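Trainee: Before we start, here is the structure in question, set down as structure tokens.
Any read-out appearing in this document is the output of simple, stated calculations on the displayed coordinates, not a laboratory observation. This one's a predicted model, so the numbers in the text were calculated from it and none came from an experiment. Reconstructed Cβ throughout: ideal geometry from the backbone, glycine too, with neighbour counts over all protein chains shown.
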Amino acid sequence: MGKRSNRLLPFYYDEEKSDDMTNSRSIETKLVQLGNLSDPRTGAVSPPIHLSTAYKHTGIGESTGFDYTRTKNPTRALLEAGIADLEGGDAGFACSSGMAAIQLVLSLFKPGDELVVPDDLYGGTYRLFNFFEDTYNIKPVYSKFESVEQVEALINDNTRALFIETPTNPLMQEFDLQVYAELAHKHGAWLIVDNTFYTPYFQRPIELGADIVIHSATKYIGGHNDVLAGLVVAKGAALAERIGFIHNGSGMVLGAMDSWLLIRGLKTMHLRLKQHDANAKAIASYLEEEELVTDVLYTGKGGMLSFRLAKAAWIDPFLRNLKLITFAESLGGVESFITYPATQTHADMPYEERIERGVCDRLLRFSVGIEEAEDLIADLKQVFGTLRKEVKNEAAY
Amino acid sequence: MKQHIETSLIHAGVRDGYENKKGAVNVPMYVSSTFHQESIDEFGEYDYARSGNPTRDALEKAVAELEGGVRAHAFSSGIAAVSAALMLLSQGDHLVITEDVYGGTYRFVSKVLPRFGISHTFVDFTDLAAVEAAITPATKLLYMETPSNPTLGITDIRGVVALAKQYNCLTFLDNTFMTPLHQRPLELGVDVVIHSATKFLSGHSDIIAGLTVTADEKLGQDLYFIQNSFGNILGVQDCFTLLQNIKTTDVRFSRSAESAQKIAEFLATNPVVEQVYYPGLASHPGYEIHHSQSTSAGAVLSFRLPSYGAAKALVEAMKIPVFAVSLGGVESILSYPAKMSHAAMEPEERAKRGITDGLLRFSVGLEHVDDLIADFAQALEVVGAKVL
């Protein structure tokens, strides 16, 4: 192997440790370069899709490092190494959906274990937690997470982790990850963070002390509403090994095609997120001024926001009259989506509990796409114009 | 030890180190348009994916091996392969081509080639004397399709090759209907074999693809020059799909051909059917020649009903086959050549070739043959009640 061949070894891949220069590269550069120079034989700039389930062994006990594609696939391995690097973790695991990623992480726990979880949580995660509680006695303990003391009061000898989405879905609450990492570690527990809404571009939880990061990569990482996928990143060799064991043992792995699509999605993630962020800011300002809107829930960062209409009865005509923005479940894609959590993402949460948690019937969640912001605002304006006429008509009766 | 082609079908794609250092059983899909180069004065095997792509390369090498050639080229459609091969001709050249040719080839030869100053004569290739009579001093190519589409006419490949040698012409043969498993034109002296790989080689009615194969390195390089200059290459995903599907060509084709024989025999005894065109029937005029150069009668047959009305009634009464253009899929496909594969041909040209208003083509799929025959039986009964 000459000097040139060494240069072909990617900075995030293979046993070769990355040097100082590659480590100090900005996240934008890492995203774009993901998978490049990963195939020294051909020099392919875009990595190949390895649709091979099995790999030839040269002899007994001799492996190329790849045996059976569930255990390790070259295309998936690039994605996994890439996300681990982007999140500042030690190992990445690509799963067949965001929920599969959460299931993978929940498989770390034993009967009797407890997790402290904020009230505001994606409905699918809530449903899976209920299942784990009913079936395995692995218990979610919910808290409003208003203060560290409030959370600490719920921690006991069985507490194994704090499981946090930040910002939360759909109420957009943010938590101080450093503070909660310290709290978790003080009690010998892990901090697990669902980083779907911010991605490593806006937030790197492991750098703030988290032990495990989860993504529904279907969202901003894939970014084109075309691939269903989940990612898990672990800090530390011991945790990585345990998660790796379950990943291979239960087999919720991501296919090679979808892995390649995520690599491709990551290459433009920073550009997309910049535009999502700029558009969301413009729309949040517009909604703040709109009199038919009572609250706008926006952290000031990223492409997600929620808002409440003054009356639940307006939700249906609002959604019906949208012309550009799509009324659909999911988020993080280039196309703008508005979701009605009450009947979509949180349909599985009992009514009282949903209302108690603030996911009221007037709440809409907006995944702001990367269309021209003016066009999105024009669509909202025409919807509110229609609503205003209805409001007047109602007043006339 | 020389391997059987059935074995090569399975392993040809990953020979020669395509599995690279990872040992993958399948060739990876190189979805990369460009390739990093090691130095300024020495480029690697791949630089730009139009010029060469590892996945396409694996396919091309596999197909060359299967046809017993030295170079193969993969194109974005069957007609892209046909047109690329025909671009080996130059202004002023003339070709003699079988009149019973696929409609798309007919269109290219009769409507596009003349604009480049390349002339042609359509001839009945079942008549070698007629082929020889059509050869002029400008003739550079004899173009065969055997069995032909849609009337399954048989060309004497050896006879045409001998004429080509005598008159210093190239020979092309469209081998789509037989696949390299059952007809090996390069071994009979043909210069370029052409495939619509959309058909039996891919076999799942899934991709559009074409192939050329040559036994001569120089001719292969000339075709590569055209492929790279025109850019009518096959995309990576389709190359991968084709490589995977080629592995089952033998089992698919064998079963379909077995069924085709039974269906042809069944149709031949039905009073509503005026004629069955299938080289597996001893009554077929090309039966002996076909079996001297091929090892299967194939999986496509045509049959003639008395009228347009009868054909229409049959199409409407058949329940199993897809009524569609194309052939060679796992699904049986019933086609109406006059309005489908040969719609590009003028009515009088069609009539000359026996593509009558009552002619139907049947590509036999992998359904159970008894079900297909039962479907024909009930449909022909309906037709019989209407027309007899």
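Trainee: Kirkwood hydrodynamic radius for the protein assembly as shown: how many Å is it when counted over pairs of different Cα atoms? Provide the component values of the computation, followed by the final result.
Mentor: Numbers: mean 1/r = 0.0327 Å⁻¹.
When all Cα pairs of the protein assembly as shown are included, the Kirkwood radius is 30.6 Å.
Trainee: Which one of A:G82, A:T58, A:N156 has its Cα pushed farthest toward the positive end of the charge dipole of chain A, where Lys and Arg give +1 and Asp and Glu give -1 at the Cβ?
Mentor: A:T58
Trainee: Once amide H atoms are placed 1.01 Å from N in the peptide plane, what residues at a sequence separation of 5 or more from B:G52, or on another chain, have their amide H within under 5 Å of its amide H?
Mentor: Under 5 Å from the amide H of B:G52: B:D47.
Trainee: If you take each beta carbon of peptide B:36-48 and count the beta carbons of other chains within 10 angstrom, what is the mean? Present the calculation step by step, with values, prior to reporting the outcome.
Mentor: Working: counts 11, 2, 7, 1, 0, 0, 0, 1, 4, 3, 4, 2, 0.
That average works out to 3.
Trainee: Kindly provide the Kirkwood hydrodynamic radius of region A:255-397 in Å, to one decimal, from all pairs of distinct alpha carbon atoms. Before the final figure, lay out each step's value.
Mentor: Numbers: mean 1/r = 0.0618 Å⁻¹.
Roughly 16.2 Å, rounded to one decimal.
Trainee: Out of the DSSP beta bridges found with both residues in region A:270-396, what percent are antiparallel (nearest 5)? Please report the intermediate quantities before stating the final value.
Mentor: Values: 12 of 14 bridges.
Rounded to the nearest five, the antiparallel share is 85 percent.
Trainee: Could you pull out which residues in region A:354-397 have an amide N less than 13 Å from a spot 7 Å beyond the Cα of A:R320, following the Cα-Cβ vector?
Mentor: A:386-387, A:390-391
Trainee: Now, a different point. In whole Å, how far is the Cα centre of region A:119-149 from that of region A:284-326?
Mentor: 28
Trainee: Note down the magnitude of the dipole of chain B about its Cα centre, charges +1 on Lys and Arg C-beta and -1 on Asp and Glu C-beta and zero elsewhere, to the nearest 20 debye.
Mentor: Values: 30 positive and 44 negative charges, 88 e Å.
Rounded to the nearest 20 debye, it is 420 debye.
Trainee: To test your reading of the geometry: what angle, between 0 and 90 degrees and rounded to tens, separates the Cα axis of helix B:308-317 from the longest principal axis of chain B?
Mentor: 80
Trainee: Let me ask another. Over region A:270-396, what is the mean sequence separation of C-alpha contacts under 8 Å (at least six apart), divided by residue count, expressed as relative contact order in percent?
Mentor: On the way: 186 pairs, mean separation 36.2, N = 127.
Dividing the mean separation by the residue count of region A:270-396 yields 29 percent.
Trainee: Per-residue HN-Hα couplings for region A:354-364, Karplus 6.51 cos²θ - 1.76 cosθ + 1.60 at θ = phi - 60°, whole Hz, x for Gly and Pro?
Mentor: 5, 5, 4, 7, x, 8, 7, 6, 9, 8, 10
Trainee: Tell me whether region B:250-387 comes out rounded, prolate or oblate; compute the Cα gyration tensor, take square roots of the eigenvalues as a ≥ b ≥ c, and use a/c under 1.5 as the rounded threshold.
Mentor: rounded
Trainee: For chain B, calculate the relative contact order in percent as a whole number, restricting contacts to Cα pairs under 8 Å that are 6 or more residues apart. Let's see the in-between values first.
Mentor: On the way: 775 pairs, mean separation 66.5, N = 388.
Dividing the mean separation by the residue count of chain B yields 17 percent.
Trainee: So who's got an amide H within less than 5 Å of the one on A:T159, skipping anything under 5 residues away but keeping other chains? H placed 1.01 Å off N, in plane.
Mentor: Correct list: A:E114.
Trainee: Sum up the charges of everything whose Cβ sits under 14 Å from the Cβ of B:N168, counting Lys and Arg as +1 and Asp and Glu as -1, but leave B:N168 out. Write out the running numbers ahead of the final one.
Mentor: Numbers: positive: B:K140, B:K165; negative: B:D93, B:E132, B:D191.
For residues surrounding B:N168, the net value is -1.
Trainee: For region A:279-326, what does the convex hull of the Cα positions come to per residue, in cubic angstrom? It would help to have the intermediate numbers written out before the result.
Mentor: Values: hull volume 3.9 nm³, N = 48.
Cα-based convex hull of region A:279-326, divided per residue, equals 80 Å³.
Trainee: Follow-up. Can you work out ³J(HN,Hα) from phi for every residue in region B:183-194, in order, using Karplus 6.51 cos²θ - 1.76 cosθ + 1.60 and θ = phi - 60°, giving whole Hz and x for Gly and Pro?
Mentor: So the J values, rounded to whole Hz, are 8, 10, x, 4, 5, 8, x, 5, 8, 10, 9, 10.
Trainee: Using only Cα atoms and rounding to the nearest 10 degrees, what angle (0 to 90) does helix B:54-67 make with the longest principal axis of chain B?
Mentor: Orientation of helix B:54-67: about 50 degrees from the principal axis.
Trainee: If each DSSP helix of 4+ residues adds -39,500 (n - 2.57) and the sum is divided by the residues in chain A, what number results at 222 nm, nearest 500 deg cm²/dmol? Provide the component values of the computation, followed by the final result.
Mentor: Numbers: 15 runs with 155 residues, N = 397.
The helix contribution divided over chain A gives -11500 deg cm²/dmol.
Trainee: Skipping prolines and chain starts, which residues have an amide H placed within reach, meaning under 5 Å, of the one on B:L170, given they are 5 or more residues away or on another chain?
Mentor: B:L141, B:L142
Trainee: Given the options B:S90, B:S326, B:S254, state which has the largest fluctuation in a GNM of chain B using a 10 Å cut-off (strictly under) for Cα springs.
Mentor: Result: B:S90 has the largest fluctuation of those listed.
Trainee: Based solely on C-alpha atoms, express the radius of gyration and the Dmax of region A:44-101 in angstrom.
Mentor: Rg, Dmax (Cα atoms, Å): 13.2, 39.
Trainee: Select from B:I289, B:I333, B:I263 the residue whose mean-square fluctuation is largest in a Gaussian network model of chain B (Cα-Cα springs shorter than 10 Å).
Mentor: Of the options given, B:I289 has the highest mean-square fluctuation.
Trainee: Related question: Is the shape of region B:282-360 rounded, prolate or oblate, going by the alpha carbon gyration tensor and its root eigenvalues a ≥ b ≥ c, with a/c under 1.5 for rounded and a/b larger than b/c for prolate? Can you show the working numbers first?
Mentor: Working: a/c = 1.80, a/b = 1.27, b/c = 1.41.
Verdict is oblate for region B:282-360.
Trainee: Measure of size requested: the Rg and Dmax of region A:145-243, with Cα atoms as the atom set and Å as the unit; please supply both.
Mentor: 14.0, 43
Trainee: Taking the alpha-carbon centroid of each part, what is the distance from region A:75-107 to region A:164-188 in angstrom?
Mentor: So the separation of the two Cα centres works out to 20 Å.
Trainee: For the protein assembly as shown, with the dipole built from +1 on Lys and Arg beta-carbon atoms and -1 on Asp and Glu ones, taken about the Cα centre, which of A:L171, B:I97, B:A260 lies farthest toward the positive end?
Mentor: B:I97
Trainee: Shielding by partners for A:28-40, please: the mean number of other protein chain Cβ atoms within 10 Å of each residue's Cβ.
Mentor: Values: counts 0, 0, 0, 0, 0, 0, 0, 1, 2, 1, 0, 9, 5.
Counting other chains' Cβ atoms within 10 Å and averaging over A:28-40 gives 1.
Trainee: Would you please classify the overall shape of region A:338-397 from the alpha carbon gyration tensor, given that a ≥ b ≥ c denote the square roots of the eigenvalues, rounded means a/c under 1.5, and beyond that prolate means a/b larger than b/c while oblate covers the rest? Each step should come with its number before you reach the end.
Mentor: Working: a/c = 3.80, a/b = 1.26, b/c = 3.02.
Oblate shape, in that a/c is at least 1.5 and b/c is the bigger or equal ratio.
Trainee: Anything over 19 Å Cα to Cα? Flag those among A:K139/A:K235; A:K30/A:K281; B:K111/B:K312; B:K165/B:K218; A:K323/A:K389; B:K199/B:K352, in the order listed.
Mentor: On the way: A:K139/A:K235 23 Å; A:K30/A:K281 26 Å; B:K111/B:K312 30 Å; B:K165/B:K218 17 Å; A:K323/A:K389 17 Å; B:K199/B:K352 26 Å.
Distance filter (> 19 Å) returns A:K139/A:K235; A:K30/A:K281; B:K111/B:K312; B:K199/B:K352.
Trainee: Sorted from largest down, give the three principal axis spans of the alpha carbons of chain B, whole angstrom values.
Mentor: 77, 51, 39
Trainee: Can you work out D for chain A in µm² s⁻¹ from Stokes-Einstein, where Rh is the Kirkwood radius over C-alpha pairs, the temperature is 37 °C and the viscosity is 0.692 mPa s? Please report the intermediate quantities before stating the final value.
Mentor: Working: Rh = 22.3 Å.
For the chosen part, D equals 147 µm²/s.
Trainee: Turning to a different aspect of this structure: Return one number: the angle in degrees, 0 to 90 and rounded to the nearest 10, between the long axis of the Cα atoms of helix A:74-87 and the longest principal axis of the Cα atoms of chain A.
Mentor: Once rounded, the angle reads 60 degrees.
Trainee: Per DSSP helix of 4 or more residues, -39500 (n - 2.57); summed, then divided by the residues of chain B. What does that give at 222 nm, rounded to the nearest 500? Present the calculation step by step, with values, prior to reporting the outcome.
Mentor: Details: 14 runs with 144 residues, N = 388.
Here the helix-only value at 222 nm equals -11000 deg cm²/dmol.
Trainee: I would also like to ask the following. Using each residue's phi in region A:281-297, evaluate 6.51 cos²θ - 1.76 cosθ + 1.60 at θ = phi - 60° and report the 3J(HN,Hα) Karplus result to the nearest Hz, with x for Gly and Pro.
Mentor: 4, 5, 6, 4, 4, 4, 5, 4, 8, 7, 5, 7, 9, 8, 9, 10, 9
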